[in-house]
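Below is one structure, written out as structure tokens, with a few remarks after it.
The values are calculated or read from the model by the stated rules, or taken from the named source; none is laboratory data. Keep in mind that this is a model prediction, so the values were computed, not measured. When we count neighbours, we look across all protein chains shown, and the Cβ atoms used for this are built from the backbone with ideal geometry, even at glycine. Side chains are part of the model used for accessible areas, which takes the heavy atoms of the whole protein and leaves out ligands, DNA and RNA. Shrake-Rupley method; radii C 1.70, N 1.55, O 1.52, S 1.80 Å.
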Amino acid sequence: MHTRYKSSIGAAMIIAFLLSLPSCKRDPWPGPDELLISWEVISNTFDEENSMVKAMFTLENAGRTTLGNEGWALYFNQSPRYLIDFDRSANIHLERISGDWYRIAPLEGFELKAGETTSFTYQSRFWWIKESDAPKGFYFVFHHPNGRQHFLEPENITIQPFTRPEQFSRHFRDQTPVPDPAWQYRENKTMALLGSDKLPWFIPQAVSVRAADQDVLFSKDFVIHYGEGLGFEALYLQSMLKDLLGWDIEIESGVSGASHSIDLIVDEKSVTLGPEAYTLHISEHGNISIEGMDHAGVFYGIQSLVSLLPLGPGYSRELFLPALQVQDAPRFGYRGVHIDVARNFFPKEQIFKLLDILAFYKINTLHMHLTDDEGWRLEIQSLPELTATGGQRGHTTKDAHALHPAFGSGPHPHASGKTGSGHYTRQDFIEILQYARDRHVRVIPEINMPGHARTAIKAMEARHAYFMAQGDTAIAEAYRLIDPEETSEYLSAQLFDDNVVNVARESVYRFFETVAGEIADMYQEAGAVMEIIHVGGDEVPAGAWTESPMIHDKMNQLPHIDKPQNMHAYFTERVLDILSTHGIKMAGWEEVALKADPSGRHVPNPDFADGRVIPYVWNNLWGMQDLGYRLANSGFPVILCHVTAFYFDLAYNKHPKEPGLYWGGFVNTRSAWHYNPYNVFLTTLTDNMGRNIDPDLEYRDMERLHESARENILGLQAQLWSETILDASMLEYYLLPKLIGFSESAWAKERIWETTPDPNLRQQQVEETWNIFANKLAQHELPRLSKIFGGYHYRIPPPGAIIQNDTLKANTEFPGLVIRYTTDGTPPDNNSPIYHDAVFIGNRPAKLRAFDVAGRSSRTVRPGGL
């Protein structure tokens, strides 16, 4: 690609930056502390019939100059909603420009003098019930008569608290309870503290554990011995012992069998439980043996051994381990976590840290969502436009060949503390693949098409414009992704009207093959295997392709395509042909396995049920609870990704301070743990609005999974979409401890309650086994997260609490957490009194927090408050 062309990428942003440079004399722009913005939800329930929210902006001029009726606009991002109306009495115009990007501009008659305040309300579809729903990424653009622009990011932003029911409830149909301390106290009353002898040895639990009534001395004098091809596993164990205990353990090739040794062995004959299986034997004679069916099995045996190590100082030379014989193997061969780095970007170091904790909990797949409407995050050397345009967001116009701000990324690309810009170089991605390979995690890349492709379209339009300007039409058209004559009108789920590639265009497939080919080359260089490429394939909006001359011409050549929306199947056919020549399977969200029947209903497409297409099924709501089973019964290999259990970007609960989305309900650690993969009806017991479901009644006509189709359920996957994840600590908070519950569902053997027919007995079993799991979390797993791999920003659930007859009563969601309290109005800390039993406090104000033994705490709660 020409150097001149490279330098022209993102020209709209560069020009905007140059126009914003300061002049020699002082301009009459306000300072960043002079324009104050306040936002408040008025009500989610003001309209009895329709799902609508009313909110209010207040703008205060604390500066010295008047804000007039021209020459400025205020931009921001807010979770995309259909803007219905706004109050025009303040002489303000509000518009949603694209996606979640909004603009406020003055109308004739607007004037805000120094010291004055103005407010206006607006209404949107659906709801805003959380602080994380608040608008973000505010910036003013002031226009100088000479064309120069001045960007101002206001410093004083106030999000008014959510304190009223109409602010934190979704319409009158919302039946999800508000998790105030009193409700949490009632929920926690079923939980009980258990002794360590009642807890499982491992999470995820092993298939079989036999413990001798004896401890074994383990010291820094042990030597790690390893069999052929297990050098990395030996180095990994050596490193973990160094990091956790400070011990420098020697390693040697070969097998010892003697005391004071750890033997790492692959033995397909003695380990018979299948791929990734292992045995762990801690002998009374002082030998530790880990035998794997394969290298991955040895690696997972190492993780189980590491999980037995105590935490904290005091083990400078030796400690005691239990004498155990463990046999273990995974329930599912596919155990995945999806990370969205397109909406918000996370550098390779954060991906390394993510891979570490996934591998520790025996997750073997990382699905990387690399492209979407808001970003392209992987360098493709033959198409540098993709990251030059798609690797950054900043102020521009909707129609420019550039990406506008999203999710609060602000006006300036690559701004410090923002996650809107960035990409992985080829070398970065190769290093990620190698890091994952060494930890027995496969990486599945996702290149999202034909919908969710706005970034790719913008980049290729930038390329097209450049080469057309050079007079080279053939090169300009070579990778173009749209039909320039198309007049179709559509609006995607995220409210874009320009994000669908035109699948009738041959250059679309040249583009896909070029991208896929370069990614395959990266895998080869990394020494990794690209088994699957995920093409997204979801959420092509109704109306796309309906008014495209190219589509109509192509349909005339394809008698089996009866309507424009079924051109999606044509796209799948073409991509399958490309991937099949390289021996790569195609995955996609559930839509890739469906077609529209004559009534418009989506049904399994038998043309793709030959094993080459793997649908990832997320929908288990709105009458689609059986979709995964219908596909599996039709012959598709299926990954279950069900939203009600495994969408980790959904908030832990309804509390307004708990960040996250909630369109599919709320997902906490128990949600990920309480999942029945072969009978999801028995664990999908509420809908997204909290309405209780009688599975025998509501699911009676739905299709059950055939016994013969169980083998088509390849495994489970949890999703981390990143629209509301604005930094690494939030990513870890959303992930942990939900991941631990997920690992139990994906790895451990079938739980007793999964096959219990009696609903009362089944619920009793669920409560008993959840109590055991929650104890294990509090007493062992959470404290470990504070230290392992440098420590994680995990969530501690706040305590439940009530005041009854001037007496404070409190309890925890995870027994084993410590509750500390104060009665002087200050937040509790690690030195505050520990709550043991009911405490008389009179009329003093109580505040409480839960702590784990590592000292990490929950947010503060106040009995009687929210």
Name the residues in segment 205-237 that are open to solvent by 60 Å² or more (accessible area, probe 1.4 Å), within 15 Å of VAL266 (Cα to Cα) and not hydrophobic (A, V, I, L, M, F, W, C), would you?
GLU228
Within segment 258-270, tally of residues that are surrounded by 12 or more Cβ atoms within 10 Å (Cβ to Cβ) and without any contact (Cβ under 8 Å) to a residue 40 or more places away in the chain
8
Restricting to segment 271-289, and then to whatever is part of a loop (DSSP other than H, G, I, E, B), open to solvent by less than 50 Å² (accessible area, probe 1.4 Å) and out of contact with any Asp or Glu (no Cβ under 7 Å at 6 or more places or on another chain), can you tell me which residue is farthest from LEU308 (Cα to Cα)?
GLY274
May I ask you to say which residue of GLY628, GLY660, GLY635, GLY690 is surrounded by 22 or more Cβ atoms within 10 Å (Cβ to Cβ) and at positive phi?
GLY660
Identify the residue in segment 165-191 that is in a loop (DSSP other than H, G, I, E, B) and loosely packed, with under 14 Cβ neighbours inside 10 Å and, among all such residues, is nearest to the chain's Cα centre (by Cα).
GLN175
Among the residues listed as LEU761, LEU714, the single one being modelled with pLDDT of 95 or more, open to solvent by 50 Å² or more (accessible area, probe 1.4 Å) and over 25 Å from LYS189 (Cα atoms)
LEU714
Inter-residue pairs, beta-carbon under 8 Å, first farther than 24 Å from LEU383 by Cα and touching a residue at least 40 places away in the same chain (Cβ under 8 Å) and in segment 481-500, second buried (at least 17 other Cβ atoms within 10 Å of the Cβ) and among the aromatic types (Phe, Trp, Tyr), 6+ apart
GLU486/TRP545; SER488/TRP545; ASP497/TYR490
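Here's the yes/no breakdown for (1) of a type in the set (Lys, Arg); (2) on the phi > 0 side of the Ramachandran plot; (3) outside any helix (DSSP H, G or I); (4) under 17 Å from the mean Cα position of the chain (by Cα):
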position	(1), (2), (3), (4)
ALA709	no, no, no, no
GLY715	no, yes, yes, no
THR724	no, no, yes, yes
SER729	no, no, no, yes
GLY741	no, no, no, yes
ALA746	no, no, no, no
GLU750	no, no, yes, no
TRP753	no, no, no, no
PRO757	no, no, yes, no
Of LYS398, LYS353, LYS348, the only residue that is modelled with pLDDT of 95 or more, open to solvent by 10 Å² or more (accessible area, probe 1.4 Å) and closer than 21 Å to ASP498 by Cβ is LYS398
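Inspect segment 450-462 for any residue being touching a Phe, Trp or Tyr at 6+ places or on another chain (Cβ under 6 Å) and open to solvent by 10 Å² or more (accessible area, probe 1.4 Å) and give the result as yes or no. Show your work before the answer.
Of all residues in segment 450-462, those touching a Phe, Trp or Tyr at 6+ places or on another chain (Cβ under 6 Å) come to 450, 454-455, 460.
Now drop any that are not open to solvent by 10 Å² or more (accessible area, probe 1.4 Å), which leaves none.
Scanning segment 450-462, I find no residue that is touching a Phe, Trp or Tyr at 6+ places or on another chain (Cβ under 6 Å) and open to solvent by 10 Å² or more (accessible area, probe 1.4 Å), so the answer is no.
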Give segment 297-345 a look and list any residue that's among the basic types (Lys, Arg) and either open to solvent by 10 Å² or more (accessible area, probe 1.4 Å) or in contact with a helix residue (DSSP H, G or I) (Cβ under 8 Å, 6 or more places away or on another chain) (or both), or say none.
ARG317, ARG331, ARG335
Being closer than 30 Å to TRP127 by Cα and modelled with pLDDT under 95 is true for just one of VAL255, VAL178, VAL271. Which residue is that?
VAL178
Considering residues that are within 24 Å of TYR509 (Cα to Cα), out of contact with any Asp or Glu (no Cβ under 8 Å at 6 or more places or on another chain) and small (Gly, Ala, Ser), the number found within segment 588-618 is 4
If you go through segment 79-119 one residue at a time, how many are assigned to a strand (DSSP E or B), touching a Pro at 6+ places or on another chain (Cβ under 8 Å) and open to solvent by 10 Å² or more (accessible area, probe 1.4 Å)?
2
Among ARG426, ARG437, ARG377, ARG442, the single one that is buried (at least 24 other Cβ atoms within 10 Å of the Cβ) and either more than 30 Å from ALA73 (Cβ to Cβ) or not β-branched (Val, Ile, Thr) (or both) is ARG377
If we keep only residues of segment 120-157 that are in a loop (DSSP other than H, G, I, E, B) and of a type in the set (Lys, Arg), then the residue most open to solvent (accessible area, probe 1.4 Å) is ARG148
Please verify whether segment 310-319 includes one or more residues that are closer than 23 Å to LEU785 by Cβ and in a strand (DSSP E or B).
yes
Here is a list: PHE222, PHE299. Which entry is more than 21 Å from ASP328 (Cα to Cα), aromatic (Phe, Trp, Tyr) and modelled with pLDDT of 95 or more?
PHE222
When restricted to GLN565, GLN524, the only residue over 25 Å from LEU366 (Cα atoms), polar (S, T, N, Q) and within 29 Å of the chain's Cα centre (by Cα) is GLN565
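Tell me which strands (runs of 3 or more DSSP E) are completely within segment 772-866 and hold 1 or more residues being surrounded by 19 or more Cβ atoms within 10 Å (Cβ to Cβ), touching a residue at least 60 places away in the same chain (Cβ under 8 Å) and not β-branched (Val, Ile, Thr), or say none if there are none. Show your work before the answer.
Working: elements: 800-804, 807-811, 818-822, 847-851.
Hits in segment 772-866: 800-804, 807-811, 847-851.
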Which residue out of HIS582, HIS552, HIS560 is under 23 Å from TYR616 (Cα atoms) and out of contact with any Gly (no Cβ under 7 Å at 6 or more places or on another chain)?
HIS582
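With within 30 Å of ALA359 (Cα to Cα), out of contact with any helix residue (DSSP H, G or I) (no Cβ under 8 Å at 6 or more places or on another chain) and in contact (Cβ under 8 Å) with a residue 40 or more places away in the chain as the only criterion, which of GLN214, GLN167, GLN160 stands out? Working first, answer last.
Details: GLN167 fails: within 30 Å of ALA359 (Cα to Cα); GLN160 fails: within 30 Å of ALA359 (Cα to Cα).
After ruling out the rest, the residue left standing is GLN214.
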